[in-house]
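Inspection log for the structure reproduced underneath, given as structure tokens.
The values are calculated or read from the model by the stated rules, or taken from the named source; none is laboratory data. Just so you know, these numbers come straight off a predicted model, no measurement behind them. Neighbour counts are summed over all protein chains in view; Cβ atoms, including those assigned to glycine, are modelled from backbone coordinates with ideal geometry.
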Amino acid sequence: EAGVTQFPSHSVIEKGQTVTLRCDPISGHDNLYWYRRVMGKEIKFLLHFVKESKQDESGMPNNRFLAERTGGTYSTLKVQPAELEDSGVYFCASSQVGSGGYGYTFGSGTRLTVV
Amino acid sequence: AQRVTQPEKLLSVFKGAPVELKCNYSYSGSPELFWYVQYSRQRLQLLLRHISRESIKGFTADLNKGETSFHLKKPFAQEEDSAMYYCALSRPRGGKLIFGQGTELSVKP
């Protein structure tokens, strides 16, 4: 089966610009998670979709971040306007409902650099 | 508060030496505990899950509820074990993962 796909793999943007990250989960996976690893720090949860609904968005850092999952398939994470501290690696993961952490499949991540 | 602590950022050992990557957690209740690994240029992948009590690639991890620890061990490290290791927890039956800071394991020849 195809894995979790994220693109772009790298993005370099200037402070104040907008960037949209995309995640295509494994087909049939209703759970979709976004995580972020900022340089030197742990991987932190951002939000969780179940199908198209936001189940938990407690990790979203501020209102400059907007996540969508229209139709319950792929998801986008938009950062507008980007700030220097947004630099890091953004991971997406998907799983089937009820599979718990065992069933997570991670994408390769998008490395975002804000200059 | 829910927290996972990995005290070592970097652990360097020689090939054939035993290795132990430490993980302590804080959680109200009984979480599910995991070890994830990220090899160079590869994606993050599950290594071990405490419920399964299995050994993967020679690694084992024992959950010690009294000490709230889930240390990862391997008796004889191999060069191919060099990677970034993350300890993580979730509530029972799934949900978001809470990760530790990660430990970079370097196995030297």
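If you check B:GLU54, B:GLU8 for being of a type outside the set (S, T, N, Q), at pLDDT 90 or above and not in a strand (DSSP E or B), only one passes: B:GLU8. Beta carbons closer than 7 Å, at least 6 apart along the sequence or on distinct chains, pair a first residue in the range A:65-79 that is within 9 Å of A:ASP24 (Cα to Cα) with a second that is in a loop (DSSP other than H, G, I, E, B) and at pLDDT 95 or above for A:SER75/A:ARG69. No other residue among A:ASP24, A:ASP86 is surrounded by 15 or more Cβ atoms within 10 Å (Cβ to Cβ) and either β-branched (Val, Ile, Thr) or closer than 24 Å to B:GLN101 by Cα (or both) apart from A:ASP86. Of all the listed residues (B:LEU10, B:LEU72, B:LEU21), the sole one being under 15 Å from B:THR103 (Cα atoms), touching a Ser or Thr at 6+ places or on another chain (Cβ under 8 Å) and exposed (fewer than 13 other Cβ atoms within 10 Å of the Cβ) is B:LEU10. Taking the listed residues A:PHE106, A:PHE49, the one that is at the interface with chain B (Cβ under 8 Å from one of its Cβ atoms) and touching a residue at least 24 places away in the same chain (Cβ under 8 Å) is A:PHE106, with no other qualifying. Pairing residues of the range A:23-44 that are closer than 19 Å to B:GLY95 by Cα and more than 8 Å from chain B (Cβ to nearest Cβ) with residues that are of a type in the set (D, E, K, R) and outside any loop (DSSP other than H, G, I, E, B), at Cβ distances under 7 Å and at least 6 apart in sequence or on separate chains, gives A:ARG36/A:LYS44. Going through (1) more than 10 Å from every other protein chain (Cβ to nearest Cβ); (2) over 12 Å from the mean Cα position of the chain (by Cα); (3) over 22 Å from A:GLN96 (Cβ atoms) one by one, B:PRO7 falls short only on (2).
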